[in-house]
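Presented below is the structure to which this report refers.
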Amino acid sequence: MAAFDKGFARYPERFRRGRSWPRTIIFLVLAVAALVALVYRALNFGELQDQAADATGSVRFVAGQRIGLLVSPILLVLVAAACVFAAIRWGKVWSLAPSGTPLRKRHWRGLSGGRQLFTDLDARFRTGDPSAFTPLPKPPSHADVDIEFWTADADRIGFGTLVLHEGKNGKDLTYSEPIAFEGASYDALKAALAKGLDEKASPPAVPGTSSRSTPPAS
């Protein structure tokens, strides 16, 4: 389970995770297609082997034909297995519990700065003003703070989430509340996301608009 899954799961009254059948079906269709291709190669292996043996051209092309004939069944099995796994794992999506509107992940970035950065960004997110935390720094080689932004466009609401990684191998996790951007704050966030959060964002159009954060879990 990804870090943000555990973060949203702490607020079942606000967020719900359910299966997206269109997404699940797409992955399963891809898995079936890979298996069909595998069966075809198995049934026609002799003919394909003769074609590979008679192939002419560059050494690279001929070698590719012959090696591909041997490797492709393994690759097709792996592709089919990966698609089934994806259907199980990524066939589920987060949505807002009250309205059922799906949440869409719009941005992820890892930064380095530890608890001090985590606390600072949490306070900046709560202003509801993207200009308070943009531009975001470029991702470093080692990150210990994950940032994610999600939107439910039909409800005109966005969320910023933070995960702090501490301890051995960064396995001790601290989650921020999912910090909401609504109304003019949502509009400002959406405009900032369109620019990749790499330049200074404009503040919300309505002065004094602030975000409403999810109440802390008891």
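Bear in mind these aren't lab numbers, they're just calculated from the coordinates by the rules spelled out. These numbers come from a predicted model, not from an experiment. Heads up, the Cβs are rebuilt from the backbone with ideal geometry, glycines too, and the neighbour counts pull from every protein chain shown.
Laid out as a table, the results:
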{"read-out": "Estimated distance in nm for a label pair at residue 166 and residue 70, the labels positioned 7 Å out from Cα along Cα-to-Cβ", "value": "5.3 nm"}
{"read-out": "Surrounding net charge for residue 164, when Lys and Arg each add one and Asp and Glu each subtract one, Cβ distance under 11 Å", "value": "-4"}
{"read-out": "Gyration tensor (Cα) of segment 102-195, equivalent ellipsoid semi-axes in angstrom", "value": "23, 13, 12"}
{"read-out": "Potential lengthening between residue 112 and residue 29 on full extension [0.36 nm per residue; Cα-Cα distance subtracted]", "value": "25.9 nm"}
{"read-out": "Residue 49-residue 119 FRET efficiency (beta carbon distance; Förster radius 41 Å; 0.05 resolution)", "value": "0.05"}
{"read-out": "Net charge of Cβ neighbours under 14 Å - reference residue 95; Lys, Arg +1; Asp, Glu -1", "value": "+4"}
{"read-out": "Computed label-point distance, nm, for sites residue 132 and residue 13 using a 7 Å Cα→Cβ extension", "value": "2.4 nm"}
{"read-out": "Members of 6/190; 105/171; 171/195; 92/200; 92/138 lying beyond 28 Å, as alpha-carbon distances in this model show", "value": "171/195; 92/200; 92/138"}
